[in-house]
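Participant: Below are the structure tokens for one structure; questions will follow.
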Amino acid sequence: GYPPREPREPVAPTQAILSRSMNWRPYAALACDANSSLAHSGACLPYMTGQWCKERDGCEHPKYVLCAHDATPLPVLHAERHEADNGPFAACLRRSRGTVDVLFVGDSQTQMLMFEFMRWLDHGRNKPTWRMQKGAPKQRILDRSEYNLSSIQGIFVGGLYTDSTRMDRLATNLSDVSMQLRQAVRSDSHERRLALIFGVGVWDLVFSAQSGATAIQTFGTRFAWLLDEIMRIARTYAIADVVVRNVFVSYTKGPHAVLLPRLDEINHEIARRFAEARQALSTRAGSASTAHLHFHDVHALSWPRRAEMPDGSDGLHWACVTPHEGTELRSRCDAQLAANSTGRSDEVAWAALQLALLKLCRIPLVRPETSF
């Protein structure tokens with residue numbers, strides 16, 4: 001069976017190896033002082049510097065940072081500044097590299113990564129809010145961006161099940177999603193770059209009325225079809241990078257929360273279907289392909305910090321806000337970033353975006369043969 005969730009379970013991220021090449025390390029262990037070799041590196045720069053973050057200790061530095069196996073911090077998002085910055089993310093998105101369309105396709109965990117992307121672009125100027133992803137708030141952030149981002153779009157994809165436990169959680173109409181994908185592509189896509197993050201699955205664990213192997217098989221078939229449609233769109237661009245994520249560590253809701261049933265099974269199916277898609281891409285175009293697929297294991301990223309999922313949360317989202325604004329969760333950004341609390345679940349979503357951008361920008365982590 002699945003281990004029970006213990007909200008206050010002691011977790012030592014310094015001991016939890018995420019992969020062959022990286023792990024979590026306390027920021028305090030970096031020894032960012034005048035005598036440190038890291039004193040002038042990105043890892044020692046302030047976390048956020050905008051007006052909203054100005055008086056919040058948690059905005060100054062994170063609790064933990066992702067490091068390579070030799071304890072060197074990975075390229076960090078919060079080191080990025082303005083157009084003069086020469087960091088790897090700025091270099092990837094600066095104007096000399098061509099116009100970039102950014103597209104997020106998936107469920108609310110993918111929307112969470114889109115929120116983190118907008119939060120990164122905003123650089124702490126405003127209080128983080130889920131509304132950063134749409135309408136006027138998103139446009140204002142995009143207009144201020146120093147990078148050559150022509151558009152930032154999100155296409156919501158719910159469950160891939162065919163039968164739901166709730167009438168308000170209907171199955172995704174894949175034909176509608178395919179149409180939205182085609183509408184998101186501009187007529188001059190052959191002159192543009194595409195950065196796309198795709199991820200679904202958590203709704204299938206929460207709302208699917210199907211059971212056991214049938215639920216996973218249905219999900220896998222429909223997931224493969226949707227990924228094929230995404231790659232069809234990606235191949236219309238001059239350059240396209242598509243990151244496919246699995247499902248974050250997620251819990252049932254309630255005082256006795258446990259890991260969502262079939263979490264390992266659905267992540268195994270996502271990995272299997274991704275491998276098939278990558279093989280098909282290689283067979284189709286070989287080294288001449290302008291579209292590239294990358295796998296993002298957010299489950300392994302979130303597992304070492306699973307005890308930091310805050311009490312009272314919905315169990316699914318690791319950002320400092322969730323889609324359920326207006327509830328008690330609204331104050332999580334203030335509580336976590338103002339007090340720099342022991343539990344900083346927002347850092348998991350932030351690091352998930354960090355690794356996604358490293359993959360989208362094809363920035364080497366440690367050794368070319370290792371990946372997260």
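The values are calculated or read from the model by the stated rules, or taken from the named source; none is laboratory data. Since we're looking at a predicted model, the values are computed, not measured. Every residue, glycine among them, receives a Cβ derived from its backbone with ideal geometry; neighbour counts consider all protein chains shown. Heads up: the accessible areas ignore ligands, DNA and RNA and are worked out on the full protein's heavy atoms, side chains in. Shrake-Rupley method; radii C 1.70, N 1.55, O 1.52, S 1.80 Å.
Participant: Can you classify the stretch 93-161 as rounded, prolate or oblate using the Cα gyration tensor, where a ≥ b ≥ c are the square roots of its eigenvalues, rounded means a/c under 1.5, and otherwise it's prolate if a/b beats b/c and oblate if not?
Facilitator: In terms of gyration-tensor shape, oblate.
Participant: Take every DSSP beta bridge with both residues inside the stretch 149-303 and express the antiparallel ones as a percent of the total, to the nearest 5.
Facilitator: The answer is about 15 percent antiparallel.
Participant: Based on the mean of other beta carbon atoms within 10 Å per residue, what is the order of 159-170, 238-249, 42-53, 58-69, most packed first?
Facilitator: Highest mean packing first, the order is 238-249, 58-69, 42-53, 159-170.
Participant: Next question. Reachable lysines from K63, Cα under 27 Å, same-chain residues fewer than 8 places away excluded?
Facilitator: Once the sequence-local lysines are set aside, what remains near K63 is K54, K127, K253, K359.
Participant: Protein chains only, probe 1.4 Å: how do H190, H299 rank by accessible area, largest first?
Facilitator: H190, H299
Participant: Going by accessible area, probe 1.4 Å, with all protein chains left in place, what is the ranking of W303, W350, largest first?
Facilitator: So, going from the largest accessible area down, we get W303, W350.
Participant: For the stretch 111-205, run through the GluC sites (Glu not before Pro) and keep only the ones in DSSP coil with at most 10 other Cβ atoms within 10 Å of their Cβ.
Facilitator: Passing sites in the stretch 111-205 do not exist.
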